[in-house]
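Engineer: For reference, the structure I am asking about is given below.
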Amino acid sequence: MADAPAPAPRPGPDGRPSDVSLVERVSAGDRAAFGELYDRYARPAYSLARRICVDPGLAEDVVQEAFLALWRNPRGYDRARGGFGTWLMTVVHHRAVDAVRRENTQRRRNVPLTDEVSERNVTPAEGAEHAALSGVVGAEVREALKRLPEDQRQVIALAYLGGYTQIEVAALTGIPLGTVKSRTFAAIRRLRTSLRSVWAGETGGETTGAHR
């Protein structure tokens, strides 16, 4: 008995196969589908990686690693948690940050001890307090982001973590520019409310707009 033909890819609003249908085909080993996803997202992925890494060669490596991870484990993308573009940019962002950290670690190992004098001018207490404060604030921000509605978290992640303009966010997500702007405004307002106590603690007083 002959195998049943593969289901036809579901088209998106512009008539092209949707990202989700392409990922499903990649899961079945479809190289053409993988190539189409690469064509769609390689440029914005490189743009994001370049912003973080600065070095073009390192940025290219990050993008290749991200797409290789997609090919090896396409099921790592969970459509229930947002759009494919947002997921891929998050993967690129994490890998780019890790790459920069590795480069910085390697650079410090190769720097002569005499070049580290300026780092030693910071007392252990100052360094520990700064690290502790950064950790607390970072954790608070991550928790506040998790509490945002998915549609608002998507645009904030691309705009403020990915460094994209609102026009670029609209192009990446397929959302109208006006909607991107309204979601961004709503998200910022929610974050201000959630993080008011943290920001007040950093500045030593109330946040802007708290006075009546």
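The values are calculated or read from the model by the stated rules, or taken from the named source; none is laboratory data. Nothing here was measured: the structure is a model prediction, and the numbers come from that model. Virtual Cβ from ideal backbone geometry, glycine too; neighbours counted across all protein chains shown.
Engineer: Among 15, 83, 76, which is closer than 24 Å to residue 156 by Cβ, modelled with pLDDT under 90 and either hydroxyl-bearing (Ser, Thr, Tyr) or outside the structural domain of residue 151 (by TED's automatic domain parsing) (or both)?
Structural biologist: Criteria check complete, one pass: 83.
Engineer: Oh, and also: In region 21-39, what residues are surrounded by fewer than 18 Cβ atoms within 10 Å (Cβ to Cβ) and among the basic types (Lys, Arg)?
Structural biologist: Listed by number, the list holds a single entry, 31.
Engineer: On to the next question. Given the conditions (1) at pLDDT 75 or above; (2) surrounded by fewer than 18 Cβ atoms within 10 Å (Cβ to Cβ); (3) part of a helix (DSSP H, G or I), and given that residue 105 satisfies all but one, which numbered condition is not satisfied?
Structural biologist: (1)
Engineer: What pairs come out if I take residues in region 140-158 that are over 21 Å from residue 172 (Cβ atoms) and pair them with residues that are modelled with pLDDT under 85 whose C-beta lies under 7 Å away, six or more apart or interchain?
Structural biologist: Qualifying pairs under 7 Å: 140/195; 140/198; 141/195; 144/191; 144/194; 144/195; 147/194.
Engineer: Could you list, in sequence order, the residues of region 68-95 that are more than 13 Å from the chain's Cα centre (by Cα), surrounded by 19 or more Cβ atoms within 10 Å (Cβ to Cβ) and of a type in the set (A, V, I, L, M, F, W, C)?
Structural biologist: Matches in region 68-95: 70 only.
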